[in-house]
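Worksheet: the structure to be examined is printed underneath.
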Amino acid sequence: MRTHRTPRRTAALVLGTALLALLTPARAGADDEGLPTVTPVSETPALHDDEAGGNSDADDPAIWRNAADPGRSLVIATAKEGGLRVYDLDARLVQSLPAPRPPAEDDAPGRYNNVDLVTGLRTSTGRADVAVVSDRGNDRLRIYRIDPLKPGGPLTDITAPATAPVFSTDQAEINDQRTAYGLATWQDKSTGRSYALVSRRERTRLALLELKPTASGTVTYQQVRTLDLPASFRLPNGTTWSPCAEPGELPQVEGMVVDPATGTLYAGQEDIGIWRIRADLTGKPVLVDKVREFGVPGVYDEETEECAAGADPGYGGERLSADVEGLTLFQESDGDGYLLASSQGDDTFALYDREVSEDNEYEGGFRVGAASATLDGAQECDGAAVLNAPLGSRYPNGLLVVQDGHETPEIPDDEGGTRTATGFKFVDLGDVVDAADL
């Protein structure tokens, strides 16, 4: 995400900014024309990525529906080194769980990146709803049982102690942090088995992991197969293009979601676009839509850690500005619905038809704007989650939760600057339906 700019994110930001300056007026305005704005109902307490704030950085949410009492449903969200946060529907903190400490002083600490849910996961002690988290710091998955009646908080860690790294071979490789990054869960209706699909940071690789119960009541995982998305692309003018990045880095995937009805994975390759893939990672990936910056050449300057953009050849899309993030699925009872994607580069959200037979046609978009001087909108949004189901009197039409990468108003720090703040915005899904005319 762009909240804390690594060299790669800085390069992408500068390239995107330069590209917007190069666009023709007609093309630059087309994405903004007619996009409605919705406003949040509430927001979580701000998280601060500094020592005083526990190095907490909001990233990705998931919405757990309490079937017995929908009004007491929960939002489970990652906070990077700050671990996990659990909120009620009033956006109040219910539970905070730390990320694991580093194995040794010089090792990387736990860093929770993405979260998704599995309903009715089979364990040796019975079926359970669980939250599955990608721990980017340790290159592992963490699994948490959800029990709203549990004293002390609804989440309990049931990860098997001996789980192996997802991508790395040893701790030295883990410390390089080309580790588990984006995540989506999937339950195969034909077999009843549960899986996590995980992407690798700074690489194009996706891995399919089966979630497996142990005799002791914990849950582990086993790799089934992997798939590598393209890192370079042949353009219509005959040239080969890769997005500008720090040397050695490849265009990574973060936002992912699986359509349970069709077993289709949608994966957001941040600087490329949205891919449609079979969730079992077989078959040929299809690029559903591209970011505007697709095909734009860039030259990386190691001294400034920035990219200088060249002329736009016009091969990009029209609705997404890099990075593409926060994929989530708006499901309707009749099988219709929408794929929602965060267009992080221009602070908008794009909606695509859920139907593969319609080739995931673009259906519109919206922004999340400020409700008041103290309740701002969503900027540089990384993660998003939507649930189209009644959630008590608070959200009878369902809920959309989006990460806000630039929480305001800003708080001064001790050095005359401001503390970097992030959080999550809660939006009435009915407002989105009305505004976007869904």
Given R₀ = 22 Å, FRET efficiency for residue 411-residue 304 by Cβ-Cβ distance, to 0.05? 0.15
Those cysteines in the chain that have no second cysteine Cβ within a distance under 4.7 Å are 381
Those trypsin sites (Lys or Arg not before Pro) from the range 85-189 that are DSSP loop and have at most 11 other Cβ neighbours within 10 Å turn out to be 92, 189
Ordered by residue, what ³J(HN,Hα) values in Hz, to whole numbers, does the range 69-78 give under the Karplus form 6.51 cos²θ - 1.76 cosθ + 1.60, where θ = phi - 60° and Gly and Pro are x? 8, x, x, 10, 5, 10, 10, 10, 9, 8
Which of 59, 135, 301 fluctuates most in a GNM of the chain (C-alpha springs under 10 Å)? That residue is 301
Give a residue-ordered list of calculated ³J(HN,Hα) values for the range 101-106 (Karplus: 6.51 cos²θ - 1.76 cosθ + 1.60, θ = phi - 60°; whole Hz; x for Gly, Pro). 6, x, x, 9, 4, 8
Separation in nanometres of the label points that stand 7 Å from Cα toward Cβ, at residue 164 and residue 190: 2.6
Net charge dipole size for the chain [Lys, Arg +1 and Asp, Glu -1 on Cβ; Debye, nearest 20]: 1860
Intensity falloff of the chain expressed as log10 I(q)/I(0), Debye formula with alpha-carbon point scatterers, at q = 0.08, 0.10 Å⁻¹: -0.41, -0.66
Restricting to Cα pairs below 8 Å that are 6+ residues apart, what does the relative contact order work out to for the chain? Please round to a whole percent. 17
Amide H partners (placed H, <5 Å) of residue 224, local residues excluded: 208, 209, 210
Amide H contacts of residue 264 (H built 1.01 Å from N, under 5 Å, at least 5 apart or other chain): 259, 279
Could you tell me the distance between the Cα centroids of the range 120-137 and the range 297-375, to the nearest Å? 30
Counting pairs of alpha carbon atoms under 8 Å apart in space and at least six apart in sequence, what relative contact order in percent does the range 50-149 give? 19
Roughly speaking, what is the stretch gain from residue 372 to residue 437, that is 0.36 nm per residue apart minus the C-alpha to C-alpha distance, in nm to one decimal? 21.0 nm
Of 289, 271, 359, which has the largest mean-square fluctuation in a 10 Å C-alpha GNM of the chain? 359
Tell me, in nm to one decimal, what length is gained between residue 397 and residue 224 on full extension, where the rule is 0.36 nm per residue of separation less the Cα-Cα distance? 58.5 nm
Under-5 Å amide H pairs with residue 389, H placed in peptide plane, nonlocal only: 398, 399
Mind checking the range 163-255 for GluC sites (Glu not before Pro) that DSSP puts in a loop (not H, G, I, E or B) and that have at most 15 other Cβ atoms within 10 Å? none
In nanometres, the difference between 0.36 nm per residue of separation and the alpha-carbon distance of residue 286 and residue 172 is 37.6 nm
What number, rounded to the nearest 500 deg cm²/dmol, is the helix-based mean residue ellipticity at 222 nm of the chain, given -39500 (n - 2.57) per DSSP H run of at least four residues and division by all its residues? -2000 deg cm²/dmol
Two-site label geometry, residue 105 and residue 237: point separation in nm, points 7 Å out along Cα→Cβ: 5.4
What are the ³J(HN,Hα) couplings of the range 86-100, residue after residue, when phi is run through the Karplus curve with 6.51, -1.76, 1.60 and θ = phi - 60°? Round to Hz, x for glycine and proline. 10, 10, 8, 6, 8, 6, 8, 5, 9, 7, 10, 10, x, 6, x
What residue among 108, 322, 184 shows peak mean-square fluctuation when the chain is described by a Gaussian network model with Cα springs under 10 Å? 108
Over the chain, how many pairs of lysines fall under 26 Å by alpha carbon, counting only those 8 or more apart in sequence or from different chains? 6
Can you list the residues of the range 355-376 with backbone N under 18 Å from a point 7 Å past the Cα of residue 419, pointing along Cα to Cβ? 374-376
What GluC sites (Glu not before Pro) in the range 307-352 are in a loop by DSSP, with at most 16 other Cβ atoms within 10 Å of the Cβ? 318, 332
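Here, each number is a calculation from the coordinates, and none is a lab measurement. What you are looking at is a predicted structure, and each value in this text was computed from that prediction instead of being measured. Here the Cβ is made from the backbone with ideal geometry for all residues, glycine too, and neighbour counts use every protein chain on show.
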